[in-house]
1. Filter the stretch 49-63 for residues that are among the acidic types (D, E) and either closer than 12 Å to A25 by Cβ or within 18 Å of the chain's Cα centre (by Cα) (or both) and give the result.
2. For the stretch 60-80, what are the residues that are surrounded by fewer than 17 Cβ atoms within 10 Å (Cβ to Cβ) and at pLDDT 95 or above?
3. Quickly run through the stretch 66-92 and pick out the residues that are free of Cβ contacts under 8 Å to residues at least 40 places away in the same chain and more than 25 Å from D115 (Cβ to Cβ).
4. Would you point out the residue of the stretch 99-122, among those that are open to solvent by 20 Å² or more (accessible area, probe 1.4 Å) and assigned to a loop (DSSP other than H, G, I, E, B), that is modelled with the highest pLDDT?
5. Only one of these is of a type outside the set (S, T, N, Q), assigned to a loop (DSSP other than H, G, I, E, B) and surrounded by 14 or more Cβ atoms within 10 Å (Cβ to Cβ): G96, G35, G56. Name it.
6. P12 versus (1) in contact with a Lys or Arg (Cβ under 9 Å, 6 or more places away or on another chain); (2) within 13 Å of I90 (Cα to Cα); (3) open to solvent by 30 Å² or more (accessible area, probe 1.4 Å); (4) not hydroxyl-bearing (S, T, Y): which is the lone unmet condition?
7. For the stretch 82-93, indicate whether the set of residues that are within 22 Å of D17 (Cβ to Cβ) and among the hydroxyl-bearing types (S, T, Y) is non-empty.
8. Name, by its number, the condition in (1) touching a residue at least 12 places away in the same chain (Cβ under 8 Å); (2) of a type outside the set (K, R); (3) open to solvent by less than 20 Å² (accessible area, probe 1.4 Å) that does not hold for D27.
Amino acid sequence: MKIKTQRLTLRPAALADAARVSMLAGDFDVACMTGTIPHPYSEQMAAEWIAGALEGEEGVVFMIERQEGLIGCTGYRAMAADYAELGYWIGKPYWGRGYATEAVLALIAHAFDADGFDFLMAGHFADNPASAAVLRKLGFVAQGGELRDCAARSAQMECVTYRLGRAQALANVRWP
C-alpha cells in the first residue's frame, strides 16, 4: 500500500532501502533522537531491521519518499486493541521543511482508518524540540514523562509522552 501526500509518498519498506536507511538513520544526530536506532548503524543492521519489518515484526512501517528518493521512515505499533504508538525519523538533510508533519499526518489518518484505534501515543526525548513541535502541531497533547532507552546514546533519556484521541484528531486536524 502507498499513501500519497502533497509532496511525499509513504510506501512499504524494501531490502533495497538498506543503504539509504543506514546512511540517513545512522547519522548520530538522527539516531540519538530515536529509541531503537543504534550508532553506528551499518547497512547490514538496516537490512536486518527491514527484513523484520517485512515479516511484520515492527508493526506498520512506511518509508517516506520525495521525488529524489527515501528521506525518512514512519510507522506505528499496536500496543493494545484500542491504541498504537507511532514514531518517525527524517534524514538530517531534510530537516526543517515540514516533511515529518506531512508524513505523520498521513500516518495518523491511516492508523485511525485502517486499524480503528481509539487513540495514538507518541513521544520524543526531552532534548528534541523539533519533534515536540511536530506532535503539538498535529494535535497531540502531552501526558507526562518517563525514562526510555536510547540505543545510540547507550543511556536512558527523559521522554515526553503524548496522546491523540480519534475524536480530537477528527475535530482539530486538517487531513490531507
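The values are calculated or read from the model by the stated rules, or taken from the named source; none is laboratory data. In this text, all values refer to a predicted model and were calculated from it rather than measured experimentally. Cβ: placed from backbone, ideal geometry, glycine included. Neighbour counts: every protein chain shown. SASA here: full protein model, heavy atoms, side chains in, ligands and nucleic acids out. Shrake-Rupley method; radii C 1.70, N 1.55, O 1.52, S 1.80 Å.
1. Those that are among the acidic types (D, E) and either closer than 12 Å to A25 by Cβ or within 18 Å of the chain's Cα centre (by Cα) (or both): E57, E58.
2. Those that are surrounded by fewer than 17 Cβ atoms within 10 Å (Cβ to Cβ) and at pLDDT 95 or above: R66, G69, R77, A78, M79, A80.
3. Q67, E68
4. Here the answer is D118.
5. The conditions single out G35.
6. (2)
7. The answer is yes; a qualifying residue exists.
8. Status for D27: all satisfied but (3).
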